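Asker: Have a look at this one before I ask anything.
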Amino acid sequence: MISIDEAIDLVKSKSKPLLKEAVLPIEKSGGYLLFKDVLSPINMPPFRQSAMDGYALHLHNDLTYTLVGEVKAGDGHQPILNKGEAVRIFTGAAVPDSANAVIMQEKVIINGSELVIENQLSEHHNIRAIGEQVKKGDLALAKDTKLTPAAIGYLASLGISQVSVYKKPSIALLTTGNELMEACQSLSYGKIYESNSKMLQNALYNLKFYDLHFHKVEDDYGKTLSILQKVISQHDLVIISGGISVGDYDFVGKALQELHVEEHFYTVKQKPGKPLFFGTKNDTLIFALPGNPAASLTCFYIYVHIALQKMMNKTDVELPRVKAKATNEFTRFGDRPQFLKAIYNNDGVTILEGQSSAMLQTFALSNALVFVPEHVSKIEINDDVEVILLPN
Ligand code: AMP
Ligand code: MG
């Protein structure tokens, strides 16, 4: 049995960036990182662009100009202005080549076809130069840049419709257990409804992992072996729920051994989630999470989360941790460090009743986990405690 810190370090060191490329329509690329540098296919702006609603002028030494036409945004024509002439122009419209400044409409006096300005203007005033933002062929965004809404808008403004991003892992979710039934079935004696796959599916969706493949298997060694062999060869990450403990019908550990999965750890000194397995085979990561639902989800947030972020080449891989004052007491039994379901807000953090690894009811109400290290057996009101914020 290893410590939580050792287990976290092993997940960090054994989970490698999944250096696979995916090409996505730009509108579906939010949250991904760029796999390659993106060069701009155009000058942006592509033409000399008016930054204001106003008048484009061919400057001369006088403050009075003659109005000779108009250019709206999107117009393709180029009026020719002689010195001392002006055209009405609007934001985003192409400034004629023969104009060399734009003045805001609020700063001119119009008398029929005559326009008077107050002060002399400098050249290029209120004109966005060709390629001012980025020039054709120059770097628009570098490899590894996160595609935020702004980044997507920027690339779209360059006429880019597809981007090359780091592919997200293909993930198999395998649930084990003879006792598990689907929600549409009526419960027979001794059975329970299967919940871990829906729970983990949503935890993965929250983190924007959608390439999920679901499997279920009975507590049968041969069937467990054959499904595991298949999913390990086909996916980047395999998450197994249940069947990893010490019961006579827990076959996952034996099957993983038979398949020569390299074990990095099995059992962690923690509560909940002691029977946790992490291993790899070739480039596939394998987590076997305890079947008890609250333990399963806790292990997902503490360990699988790290592996997922590492696979995506991210540097911030753990859930955020903050310090907060406890609003209630808690006494721990036993010597294992503990993750406690809790509610965190501006007043501090409240540890909930009902910490059993089999119960999801309190987990459903919590937005945080309080971490109780090995040397702390009692939390008093107002103690500073470590709070792990859940990504809900
Ligand atoms: P196991 O780890 O297989 O020994 O399962 C531990 C406990 O978790 C048992 O009470 C199981 O019935 C329960 N359990 C296992 N898998 C699931 C699941 N997918 N959904 C809900 N409960 C489960
Ligand atoms: Mg089981």
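Asker: Can you name every residue in the stretch 130-178 that is open to solvent by 60 Å² or more (accessible area, probe 1.4 Å) and either among the β-branched types (Val, Ile, Thr) or within 30 Å of Lys223 (Cα to Cα) (or both)?
Answerer: Scanning the stretch 130-178 gives Ile130, Asn178.
Asker: Separate question: Scan the stretch 365-382 and report the pairs whose first residue is open to solvent by 40 Å² or more (accessible area, probe 1.4 Å) and whose second residue is of a type in the set (Ser, Thr, Tyr) and assigned to a strand (DSSP E or B), with Cβ atoms within less than 9 Å and a gap of 6+ or a chain change.
Answerer: Close Cβ pairs (under 9 Å, with a partner that is of a type in the set (Ser, Thr, Tyr) and assigned to a strand (DSSP E or B)) amount to Asn367/Tyr344; Ser377/Thr331; Lys378/Thr331.
Asker: Inside the stretch 352-389, can you point out the residues that are under 24 Å from Ser195 (Cα atoms) and among the aliphatic types (A, V, I, L, M)?
Answerer: Leu352, Ala358, Met359, Leu360, Ala364, Leu365, Ala368, Leu369, Val370, Ile388, Leu389
Asker: Gln120 passes all but one of (1) loosely packed, with under 13 Cβ neighbours inside 10 Å; (2) closer than 16 Å to Lys36 by Cβ; (3) not hydroxyl-bearing (Ser, Thr, Tyr); which number fails?
Answerer: Tallying (1) loosely packed, with under 13 Cβ neighbours inside 10 Å; (2) closer than 16 Å to Lys36 by Cβ; (3) not hydroxyl-bearing (Ser, Thr, Tyr), Gln120 fails exactly one: (2).
Asker: Considering Lys146, Lys216, Lys198, which residue is under 29 Å from the mean Cα position of the chain (by Cα) and not assigned by TED's automatic domain parsing to the domain that holds Leu289?
Answerer: Lys146
Asker: Tell me, which strands (runs of 3 or more DSSP E) wholly within the stretch 1-107 include 2 or more residues that are under 30 Å from the mean Cα position of the chain (by Cα)?
Answerer: 21-25
Asker: Among the residues of the stretch 41-91, how many are out of contact with any helix residue (DSSP H, G or I) (no Cβ under 6 Å at 6 or more places or on another chain) and either touching a residue at least 60 places away in the same chain (Cβ under 8 Å) or closer than 14 Å to Met104 by Cα (or both)?
Answerer: Selection size over the stretch 41-91: 22.
Asker: Looking only at residues that are within 16 Å of ligand 1 (Cβ to nearest atom) and either in a strand (DSSP E or B) or without any contact (Cβ under 8 Å) to a residue 40 or more places away in the chain (or both) in the stretch 286-339, which one is nearest to the chain's Cα centre (by Cα)?
Answerer: Taking the candidates together, the pick is Cys299.
Asker: Which residue pairs have Cβ atoms under 7 Å apart, sit 6 or more places apart or on different chains, and have a first residue in the stretch 176-199 that is closer than 20 Å to Leu360 by Cβ and in contact (Cβ under 8 Å) with a residue 60 or more places away in the chain and a second that is assigned to a strand (DSSP E or B) and within 12 Å of ligand 2 (Cβ to nearest atom)?
Answerer: Cβ pairs passing all conditions: Thr176/Val217; Thr176/Ile240; Thr176/Ser241; Asn196/Thr175; Asn196/Ser241.
Asker: Taking the options Ala183, Ala172, name whichever one is assigned to a loop (DSSP other than H, G, I, E, B), away from ligand 2 (no atom under 13 Å from the Cβ), within 30 Å of His305 (Cα to Cα) and out of contact with any Lys or Arg (no Cβ under 8 Å at 6 or more places or on another chain).
Answerer: Within the list Ala183, Ala172, the selection yields Ala183.
Asker: Condition first: open to solvent by 50 Å² or more (accessible area, probe 1.4 Å) and in contact with a Ser or Thr (Cβ under 9 Å, 6 or more places away or on another chain). Now tell me which residues in the stretch 299-333 satisfy that.
Answerer: Passing the criteria: Lys310, Thr327, Thr331, Phe333.
Asker: Restricting the search to the stretch 179-194, which residues are of a type in the set (D, E, K, R) and either open to solvent by 90 Å² or more (accessible area, probe 1.4 Å) or near ligand 1 (Cβ under 6 Å from one of its atoms) (or both)?
Answerer: Within the stretch 179-194, Glu179, Glu194 qualify.
Asker: May I ask you to list the residues in the stretch 247-285 that are of a type in the set (A, V, I, L, M, F, W, C) and within 22 Å of Phe339 (Cα to Cα)?
Answerer: Those that are of a type in the set (A, V, I, L, M, F, W, C) and within 22 Å of Phe339 (Cα to Cα): Phe265, Val268, Leu276, Phe277, Phe278.
Asker: Now, a different point. Got a number for residues in the stretch 236-253 being open to solvent by 30 Å² or more (accessible area, probe 1.4 Å), farther than 18 Å from Val268 by Cβ and touching a residue at least 40 places away in the same chain (Cβ under 8 Å)?
Answerer: 2
The values are calculated or read from the model by the stated rules, or taken from the named source; none is laboratory data. Small disclaimer: the values here were computed from a predicted structure and weren't measured. Positions of Cβ are backbone-derived with ideal geometry, glycine not excepted, and every protein chain shown enters the neighbour counts. The area values use the complete protein model at the heavy-atom level, side chains included, leaving out ligands, DNA and RNA. Shrake-Rupley method; radii C 1.70, N 1.55, O 1.52, S 1.80 Å.
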